[in-house]
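Undergrad: Here it is: the structure, laid out below.
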Number of protein chains: 2
Amino acid sequence: MATIKDIAKKAGVSITTVSRALNGYSDVNEDTRKKIVETAKLLNYSPNTIARSLVMKKSKTIGLLVSGFIRENAKDNFTIEVMTGVNDYASQTAYDIVLFTTNSSKQREKTYTQLCKERKVDGVIIQGIRTDDPYLEEVIEGEIPCVLVDIPKIGRHAGFVSTDNYAGAWEVGDYLAGLGHTSIGMINGHEFAFVSQERLKGFKDSLSKKQIELPEDRIISGDFTEESGRNAALKLIESNPSVTAIFCASDLMAIGAMTALKSKGFRIPEDISIVGYDNILLSRYVQPGLTTISQDTYGLGYEAAKLLIDMLDHEGEPRKTIVKHELMERDSSAKL
Amino acid sequence: MATIKDIAKKAGVSITTVSRALNGYSDVNEDTRKKIVETAKLLNYSPNTIARSLVMKKSKTIGLLVSGFIRENAKDNFTIEVMTGVNDYASQTAYDIVLFTTNSSKQREKTYTQLCKERKVDGVIIQGIRTDDPYLEEVIEGEIPCVLVDIPKIGRHAGFVSTDNYAGAWEVGDYLAGLGHTSIGMINGHEFAFVSQERLKGFKDSLSKKQIELPEDRIISGDFTEESGRNAALKLIESNPSVTAIFCASDLMAIGAMTALKSKGFRIPEDISIVGYDNILLSRYVQPGLTTISQDTYGLGYEAAKLLIDMLDHEGEPRKTIVKHELMERDSSAKL
DNA sequence: CCAATCATCCGAAACGTTTCGGATTTTTTC
DNA sequence: GAAAAAATCCGAAACGTTTCGGATGATTGG
């Protein structure tokens, strides 16, 4: 509760001097500085960030807007890993993180920018937002520095971090073709995620380069959930009983597909190979272990924070960062 | 960027009136209120929370101090589920959440209370803190309203939420005895978690009520990780080859124990029954499915937020909330 | 020894709100 | 129609910092 004023009085100096002493300015005598620091400690002083923010017009907080923060989504650890990354980088700096959520009732009343403006965050990291979100443009065009996760758009104050989803999917195509598969299906995510588009394109291009067809009716769309993976797999195998490999745009859908196919008597990978995307925690524990594209999710968050804070502290240009990915071969895929 | 002042000027009223109009006070004429609200909208005004906080001495933020927020811990979804619960409740209120972390380099320099005082959070929820944490007492005795997760301690401004770990463990004892097991071992968590003590006590008491012994050398301590579960299981089975059932104080350790035992040629549950605790996501997907005590982790967070905000808004007494638990029978346990 | 330089300090304004206490005008009451 | 009450408004202080623009006294250079 002790303020700078109390220190000033007790130490017999002016408020200005206390402020300057505590902030390491050079125009204060070493002896008085010592005395000031001492009495500050004595009074158990801690600075009032709020008052500071008010005058500095900088809150030293960044907003973490995570829209996938709903209960069901705890399943994949994507969100938490991103958060951990953001948090780890931010905690090395002077910035604190305030959590915004968008699934709540607040969402529809207040736009993201409004939330940010009110809480006076210096910048914001946005994760899990859909491309059809009505406020996406608003935030990209807006004045608040922001970094998008997995949405490749750059604005005057907006950068992004992502992985190379096109390349990742391409590698899956390569891999499956290399195993001798030619009758291949795909279970994609919903169209309102950039990653869906990219993964489809990369996969398709990769296969067509090897003269392997991927007709429309062998591409089923889910919505990234396990449930939708089950349904999509059943639909796919019914209309195209000849497929020997399925690429799923998310691990969760891949896991759903596996259980559905197993329940229909298919053996994995002997009858059908399954490849996922994301390398979520589960994919290592499921039977058989899921072959997938591993993303550096933690790095996604870490780099997002880095990018944003660089923009804030050094007026760095908004730009993009691509983090690495890697094919993890496990037991759900095999030679034809 | 528009302030209350701008509105006042434009609407031709005083600052006071604008403030009172916008905050719904009764001593402002309905017509002037309308005009004020109108011009506020016109100027795209949004209130400056920081200025408000400064004068009100309330920041309307709560700190979420999660010390298990380290990379490895993303494995169990405990942390994120608690967070989701906290977030869900908080987002129905006027409170925002700021994330504190303790594994960072900041930790050793600044105590929790210092962090809270500087950021001027109105209250704090603490999760994953160890009982030997040097600052635990400080925070319980301190002036900042706080709610502890899974640490049953009440202070003048500190309440807690937890599950009944004693009862949960007791039920496991009941259950295993009911299956006919008499030669039973336990893999406990480290001693610096309250839950370890409670779970051990409950399990022991339950068994002894049924004249089943649980000698010291059949209780091995791990540290809640999968790795430690593996090691503990090997140690246990080596010194006590006769055990037919093992109770693990966490699912992660149980999963570790299962893989270790399987690698030694034991069949689960035919040779050895395994029961875990927590019902983490993984336990459902692992082979065989893990019998475990399910906790309402989401509820833990939700109730923690509720408790805290009640303390803040209505000066509610700090108190405790116990959320429910339940035995989930899966395939890792069977009749002897 | 005088002016210039330097080291050290401080007063006051500013940031954007809320709110206390009172002022002014209008309405009610008898 | 005057006093009392009600309705409506406002000035100014306060919250705890930072910082601009000087002020003061000591030191230096010639």
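The values are calculated or read from the model by the stated rules, or taken from the named source; none is laboratory data. Every value quoted in this text rests on a predicted model; they were computed, and no experiment measured them. Positions of Cβ are backbone-derived with ideal geometry, glycine not excepted, and every protein chain shown enters the neighbour counts. Side chains included, ligands, DNA and RNA excluded: accessible areas come from the protein's heavy atoms. Shrake-Rupley method; radii C 1.70, N 1.55, O 1.52, S 1.80 Å.
Undergrad: For region B:234-322, give me every one of the helices (runs of 4 or more DSSP H) that falls completely inside it and has 2 or more residues that are at pLDDT 95 or above. Explain how you work it out, then say what you get.
TA: Values: elements: B:251-263, B:282-285, B:297-314.
Here the list reads B:251-263, B:297-314.
Undergrad: Pull up region A:19-55, narrow it to residues that are more than 9 Å from every other protein chain (Cβ to nearest Cβ), in a helix (DSSP H, G or I) and near DNA strand C (Cβ under 8 Å from one of its atoms), then point me to the one that is farthest from A:V121 (Cα to Cα).
TA: The qualifying residue farthest from A:V121 (Cα to Cα) is A:D31.
Undergrad: Listed residues B:T16, B:T3; which is touching a residue at least 40 places away in the same chain (Cβ under 8 Å) and within 7 Å of DNA strand C (Cβ to nearest atom)? Please lay out each step first, then the result.
TA: Working: B:T16 fails: touching a residue at least 40 places away in the same chain (Cβ under 8 Å).
The conditions single out B:T3.
Undergrad: Going by the structure shown, is A:A2 more than 28 Å from B:S67 (Cα to Cα), within 12 Å of DNA strand D (Cβ to nearest atom), more than 9 Å from chain B (Cβ to nearest Cβ) and not in a loop (DSSP other than H, G, I, E, B)? Break it down into steps so the answer makes sense when it comes.
TA: On the way: more than 28 Å from B:S67 (Cα to Cα): yes; within 12 Å of DNA strand D (Cβ to nearest atom): yes; more than 9 Å from chain B (Cβ to nearest Cβ): yes; not in a loop (DSSP other than H, G, I, E, B): no.
When the stated conditions are applied, A:A2 does not pass them.
Undergrad: Okay, moving on. Looking for whichever is among the hydroxyl-bearing types (S, T, Y) and closer than 23 Å to A:P288 by Cα here; the options are A:S183, A:S239, A:S208. Which one fits? Step through it out loud before you land on a result.
TA: Values: A:S239 fails: closer than 23 Å to A:P288 by Cα; A:S208 fails: closer than 23 Å to A:P288 by Cα.
After ruling out the rest, the residue left standing is A:S183.
Undergrad: What are the residues in region B:175-216 that are surrounded by 18 or more Cβ atoms within 10 Å (Cβ to Cβ), within 21 Å of the chain's Cα centre (by Cα) and either of a type in the set (A, V, I, L, M, F, W, C) or not in a helix (DSSP H, G or I) (or both), if any?
TA: B:N188, B:G189, B:A193, B:F194, B:V195, B:L200
Undergrad: Could you list, in sequence order, all residues of region B:220-233 that are assigned to a loop (DSSP other than H, G, I, E, B) and either outside the structural domain of B:E191 (by TED's automatic domain parsing) or open to solvent by 60 Å² or more (accessible area, probe 1.4 Å) (or both)?
TA: At the first step, the residues of region B:220-233 found to be assigned to a loop (DSSP other than H, G, I, E, B) are B:222-225.
Listed by number, the list holds a single entry, B:D223.
Undergrad: Based on this model, can you work out whether B:A21 counts as buried (at least 22 other Cβ atoms within 10 Å of the Cβ), within 16 Å of DNA strand D (Cβ to nearest atom) and at pLDDT 95 or above? Quick ask: steps written out before the conclusion?
TA: Values: buried (at least 22 other Cβ atoms within 10 Å of the Cβ): yes; within 16 Å of DNA strand D (Cβ to nearest atom): yes; at pLDDT 95 or above: yes.
Answer is yes for this residue.
Undergrad: Restricting to region B:287-311, what's the tally of residues that are closer than 11 Å to B:T84 by Cα and touching a strand residue (DSSP E or B) at 6+ places or on another chain (Cβ under 7 Å)?
TA: Filtering region B:287-311 down to residues closer than 11 Å to B:T84 by Cα leaves B:297-302, B:305.
Of the ones still in play, those that are also touching a strand residue (DSSP E or B) at 6+ places or on another chain (Cβ under 7 Å) are B:299-300, B:305.
So the count comes out to 3.
Undergrad: With the condition kept exactly as written, say whether any residue in region B:166-173 is hydroxyl-bearing (S, T, Y) and free of Cβ contacts under 8 Å to residues at least 40 places away in the same chain.
TA: If we filter region B:166-173 for residues that are hydroxyl-bearing (S, T, Y), which is where we start, we get B:166.
Add one more test, that the residue is free of Cβ contacts under 8 Å to residues at least 40 places away in the same chain, and what stays is B:166.
There is at least one residue in region B:166-173 that is hydroxyl-bearing (S, T, Y) and free of Cβ contacts under 8 Å to residues at least 40 places away in the same chain.
Undergrad: Which numbered condition in (1) among the hydroxyl-bearing types (S, T, Y); (2) assigned to a strand (DSSP E or B); (3) open to solvent by 30 Å² or more (accessible area, probe 1.4 Å) is the only one that A:S162 fails?
TA: Of everything listed in (1) among the hydroxyl-bearing types (S, T, Y); (2) assigned to a strand (DSSP E or B); (3) open to solvent by 30 Å² or more (accessible area, probe 1.4 Å), A:S162 misses just condition (3).
Undergrad: Scan region B:120-143 residue by residue and report those that are open to solvent by 30 Å² or more (accessible area, probe 1.4 Å), touching a helix residue (DSSP H, G or I) at 6+ places or on another chain (Cβ under 6 Å) and within 14 Å of another protein chain (Cβ to nearest Cβ).
TA: B:K120, B:E138
Undergrad: Out of B:D88, B:D76, B:D96, which single residue is open to solvent by less than 20 Å² (accessible area, probe 1.4 Å) and either at pLDDT 85 or above or more than 7 Å from chain A (Cβ to nearest Cβ) (or both)?
TA: Values: B:D88 fails: open to solvent by less than 20 Å² (accessible area, probe 1.4 Å); B:D76 fails: open to solvent by less than 20 Å² (accessible area, probe 1.4 Å).
Just a single option satisfies the conditions, and that option is B:D96.
Undergrad: So, in region A:24-56, of the ones that are hydrophobic (A, V, I, L, M, F, W, C) and open to solvent by less than 100 Å² (accessible area, probe 1.4 Å), which residue ends up modelled with the lowest pLDDT?
TA: A:V28
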